[in-house]
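Everything below concerns the one structure shown next.
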Amino acid sequence: MPRHNKAPSQISGSVRLKEYGYKMKRIFLSLFLLLNTLLSFAQMTSGLTGKRDTSYTNYSAYTSTRKQHPDIKLVPEFRLSSVREQRNITYCTIGERKLLLDAFYPKKKSKQKTPAVLIIHGGGWRSGNRSQHIPLAQKLAAQGYACFTAEYRLSTEALYPAAVHDLKAALRWLRANAKQFNLDTTRIAALGFSAGGELAAFIGTTNKNPQYEGENCHLNISSEVQAIVDIDGTLSFVHPESGEGNDTRSTSAATYWFGYPKKDNYALWEEASPLQHVGKNTPPILFLNSSVDRMHAGREDFQQELNKHNIYSEVHAFPNAPHSFILFEPWFDPAVKYIADFLGKVFGK
C-alpha cells in the first residue's frame, strides 16, 4: 500500500507542540519546587495557641532548682512602708488587648526627680509573668528607684517583634506619665532576666531605631533608655556558643517566638540578636550572670563593641549559680546590691 507522508508544515507543528509541552512541564515543575520551598520556609503559627503558658513560674523554678541547690530560699514579696504600689495599670491597648504593668516607687516624694526602671520578666518569650520580679521592684524602690513590671505579648499570642514593640510602648508610657510618678525621663533603665534580659538588651541596643517602635501608643514620645541590666539574657541567637535553636527533641523557645527554625531563617535570628545592633547608641550595661555558660554567649564580643565607643559595662558572675538565681537567696541580695550600685554609678544617684 502507498505510504502516506505528513506534510512538512504538519511535522513542524507537531515538533513545536511537543517542545511547548516540555517547556510547560519545566515551568510547572519549577513553580512546584518554588512553592514547596516557600511552604517549607513559611512562618510557623502552630505556637499561637491564644492560651497562656503557665509552665514557668517562680515556684516551678524553685521546685526544679532545689534538686541541685537544696538550700535555696524563694524570695517572697515584701511589705515595705517606704514603697508605694499601684497594680494593674493599662499602659497600651492594642485592639481589645490591654497591656498591663505594676508600679513600685518611693512613698516619700523627693525634690529631685526619680530614676525609673522597667523590669522585664523571663520565661522563654512564651511563659512567665510580670509578678515574678515584684520583690526586686520593691527592693529597688526602697532604694529610691521607680520600678515598673510590665507584661508583654508572649509567643502564644504574637510572634517577634511584638514583645519589643510592647516594651518600647511601655517606655513611652513612662515618659508620658512621668509627672504622676515624679520620673526623671533622662534616667530610665531597662532591666530583664533570661528572655527579659535579652529584651532589655535589644531595647537598649536599638535606641533611636524607628524600625522597632511598632504602631501603637504614644508614638510621638521617645522609648530610649539610658542603662541596661541584663540578668542571664541571650545576647546572640546565632553565636557559636549559644544554646538557642536546638529543635531536635522539641520546638525550642526561640523557634516558637520567631516562627522559624534557625536553619530556615538565619537572617531573622541574627537580626533579632542584641549583639547585631550594639553600637554608639547603646547605653551602659550591667551583666549579671549565672554559671550556665550558654546564657552569656557573645558577652565578650558585645563588650568589645562597647569598648570601641567607650561605653561603660560591668560583669558580675555568680559561681555555681543556677540560671534562675535572681529569684532565690543566697543570690538575690547581692544581685540587688550590684544593680543599685551600677544604677547609682550610671545615673549619678
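Data table
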| read-out | value |
| --- | --- |
| Total residues in segment 242-267, condition closer than 19 Å to TYR152 by Cβ and outside any loop (DSSP other than H, G, I, E, B) | 6 |
| Subset of segment 335-349 [closer than 22 Å to VAL75 by Cβ and among the aliphatic types (A, V, I, L, M)] | ALA335, VAL336, ILE339, ALA340, LEU343 |
| Unique residue being of a type in the set (Phe, Trp, Tyr), more than 30 Å from LYS98 (Cβ to Cβ) and touching a strand residue (DSSP E or B) at 6+ places or on another chain (Cβ under 6 Å) when the list is PHE287, PHE302 | PHE287 |
| Matching residues, segment 172-192, being under 12 Å from THR114 (Cβ atoms) and in a helix (DSSP H, G or I) | LEU174, ALA178, LYS179, GLN180, PHE181 |
| Any chance GLN304 is without any contact (Cβ under 8 Å) to a residue 40 or more places away in the chain and either under 19 Å from ASN209 (Cβ atoms) or surrounded by fewer than 16 Cβ atoms within 10 Å (Cβ to Cβ) (or both) | yes |
| The one condition in (1) out of contact with any strand residue (DSSP E or B) (no Cβ under 6 Å at 6 or more places or on another chain); (2) buried (at least 18 other Cβ atoms within 10 Å of the Cβ) that ARG97 fails to fulfil | (2) |
| The lone exception for ARG87 - which of (1) modelled with pLDDT of 95 or more; (2) surrounded by fewer than 16 Cβ atoms within 10 Å (Cβ to Cβ); (3) farther than 24 Å from TRP173 by Cα; (4) of a type outside the set (A, V, I, L, M, F, W, C) it fails | (3) |
| Unique match (being charged (D, E, K, R) and in contact with a helix residue (DSSP H, G or I) (Cβ under 6 Å, 6 or more places away or on another chain)) among ASP264, ASP230 | ASP230 |
| Count of residues meeting criterion [modelled with pLDDT of 95 or more and either over 19 Å from the mean Cα position of the chain (by Cα) or surrounded by fewer than 24 Cβ atoms within 10 Å (Cβ to Cβ) (or both)] in segment 110-120 | 4 |
| Within segment 285-332, considering residues that are among the small types (Gly, Ala, Ser) and touching an Asp or Glu at 6+ places or on another chain (Cβ under 6 Å), the one farthest from GLY243 (Cα to Cα) | SER290 |
| Among residues of segment 98-112, those that are touching a Ser or Thr at 6+ places or on another chain (Cβ under 8 Å) and part of a loop (DSSP other than H, G, I, E, B), counted | 2 |
| Where MET44 falls short, out of the listed (1) of a type outside the set (Ser, Thr, Tyr); (2) within 27 Å of ALA201 (Cβ to Cβ); (3) at pLDDT 95 or above | (3) |
| Tally, over segment 122-151, of residues that are assigned to a loop (DSSP other than H, G, I, E, B) and either within 16 Å of VAL336 (Cα to Cα) or among the hydrophobic types (A, V, I, L, M, F, W, C) (or both) | 4 |
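The values are calculated or read from the model by the stated rules, or taken from the named source; none is laboratory data. Given the structure is predicted, the values throughout are model-derived calculations rather than measurements. Neighbour counts are summed over all protein chains in view; Cβ atoms, including those assigned to glycine, are modelled from backbone coordinates with ideal geometry.
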